[in-house]
Amino acid sequence: MKNFQIITLVIFIIAAVLGVLVFSGIIPLGKNNTPGVLGTVVLWGPFKSTTLFPMIEDFNLNNPAYIVQYVEKSPETFDRDLLEALAEGKGPDMFFLPDNLAFRYENKILPIPYNNISIASFQNGFAGAGEVFLTDNGILAMPITIDPLILYFNRSILDANNIVYPPAYWDEFVNMTSVLTKKDQANKIEESMVALGQFANISHAKNIISMMLMQAGNPIVTQRDGFFVSALDGNSNAYDLGSILKFYTNFADPLSQVYSWNRSFPNSTNAFSSEKLAFYFGFGSEFAPLVNKNPNHNFSIAPVPQIQGAKFKLTSAKVTGIAISAFSKNINTAFTAANAMSTGDFASRLSSALGVAPARRDLLKNVPKDEYSNTIYASALFARSWLDPSPTDTDNIFRGMVDAVLSNNLTPTNAISDASSKLDLLLFK
């Protein structure tokens, strides 16, 4: 095991040096259009081959100097398959990297140096959510898609209650609770406005809480002196983070005026599809599946509510990029292909096929003419993400934070502090 770690470290150092040489121009990037002159690179991902193959075929036709081969992997085992393959030296040259796996693969990725793509150039080229891939050592992946968290709303329920538009701000959202949440004399909820406050039966609970914290100016995770650390209990310039958490849990507190959800209810996605919820916080990619789940459901989408008077708009998002394996045997071509795929027609077609938005700013100008893309593309521009060290473990941390407040075991401020300490342990390598 020790010898393997030494060999892996040596390979990583050699690959990093080669990457710098490639990007600095000492080893020139191939510009010869002779078919296949730069060789073949393999790209792994969790997307269906039937979706990707036509795009890959056209991409190869438009970039004849090299060939990209796509290998589909099961979404359920993608992480494990990739880790095992890289450990055995059989992994791909490139792979689709979701933001919540970027931390895990940091030492297996060849980061793109800033002397090739400066931070300013990156920020000018990509929407802010893509910055989740920026580290002190370089760019972990070229962003390609952004899937923003948006607000789904039941038109019929709003119309029946004389509500013309979904709320743009949280104070408007709160004021609708008494109208849209129906209770009997025993305070038992008969109809609910929104699924918030709990964790277990709320889809994307961690993303929703993260969104609220980031709207208050908290980045969740930051990099300091080359190390990633928790910023969860850091000071916010304008807002008390404990009050943000309390705002969330109030929706599950029977003594609160905004009480509208409890753990006895079904999963929030199913509740919305069953037309038992007025509002549902979900990702843009869920639009088509929700239509298919209940074709008669009269719903639409809007941007998530914002803090009244805030200097910026923000929602959370899932971001996917293309990363270069530190163990690739064709680094030159892998870098060339990853850059081309993230900036051109391939990125636009992929985002359209997945029902999400492209990460490139210039591509975000070309909004498809349908009933939902405008909201998804607009939300992608003010979306943000954070470097999640372990999705399963952070789910448990956020769940514990919420449950501690609901059970009165910890104050909201202490619950955030406790969660931050646990997050720091995950980030420590």
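Just so you know, all these numbers are worked out from the coordinates, no wet-lab data involved. The structure displayed is predicted, hence computed values, not measured ones. Counting neighbours? That spans all protein chains shown, and the Cβs are built from the backbone with ideal geometry, glycine included.
Taking only complete DSSP H runs, can you tell me which helices of the chain stretch 27 Å or more along their own long axis by Cα positions and average at least 1.6 on the Kyte-Doolittle scale?
Numbers: long enough: 2-24 (33 Å, 2.17).
Passing helices, by number: 2-24.
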Rounded, prolate or oblate: pick one for segment 136-235, where a ≥ b ≥ c are the square roots of the eigenvalues of its C-alpha gyration tensor, a/c under 1.5 means rounded, and failing that, prolate if a/b is larger than b/c, else oblate. prolate
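Take the residue pairs Lys276/Lys311; Lys90/Lys318; Lys108/Lys329; Lys183/Lys318; Lys183/Lys246 and return only those whose Cα atoms are more than 25 Å apart. Provide the component values of the computation, followed by the final result.
Values: Lys276/Lys311 34 Å; Lys90/Lys318 28 Å; Lys108/Lys329 14 Å; Lys183/Lys318 35 Å; Lys183/Lys246 22 Å.
Distance filter (> 25 Å) returns Lys276/Lys311; Lys90/Lys318; Lys183/Lys318.
In square nanometres and to one decimal, what's the mean projected area of the convex hull around the Cα atoms of segment 306-372? Could the numbers behind the result be given before it?
Details: hull surface 27.6 nm².
Over all viewing directions, segment 306-372 projects a mean Cα-hull area of 6.9 nm².
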Determine which aspartates and glutamates satisfy two conditions relative to Lys188: a Cα distance under 20 Å, and not lying fewer than 8 residues away in the same chain. Asp253, Glu275
Estimated dipole of segment 368-422 in Debye, rounded to 20 [Cβ of Lys and Arg +1, of Asp and Glu -1, Cα centre]: 140 debye
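Need the full-extension length gain, Lys188 to Arg224, defined as separation in residues times 0.36 nm minus the C-alpha distance. One decimal, nm.
Details: separation 36, 0.36 × 36 = 12.96 nm, distance 4.79 nm.
The span from Lys188 to Arg224 would gain 8.2 nm if fully extended.
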For a label point 7 Å along the Cα-to-beta-carbon line of Ser178, residues of segment 255-271 with backbone N under 12 Å: 257-258
So what's the chain giving for Cα Rg divided by 2.2 N^0.38 Å, two decimals? 1.04
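Taking square-rooted eigenvalues a ≥ b ≥ c of the alpha carbon gyration tensor, is segment 184-324 rounded, prolate or oblate, where a/c under 1.5 means rounded and, failing that, a/b exceeding b/c means prolate?
On the way: a/c = 2.17, a/b = 1.34, b/c = 1.61.
In terms of gyration-tensor shape, oblate.
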Using only helices, what value at 222 nm comes out for the chain when you add -39,500 (n - 2.57) per DSSP H run of length 4 or more and divide by the total residues, to the nearest 500 deg cm²/dmol? -11500 deg cm²/dmol
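Taking 25 Å as R0, compute the FRET efficiency from the Cβ-Cβ separation of Ser121 and Asn366 and round it to 0.05. Write out the running numbers ahead of the final one.
Numbers: r = 21 Å, r/R0 = 0.83.
For Ser121 and Asn366, the calculated efficiency is 0.75.
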Name the residues of segment 250-285 whose amide N is less than 11 Å from a point 7 angstrom out from the Cα of Ala200 along the C-beta direction? 263-265
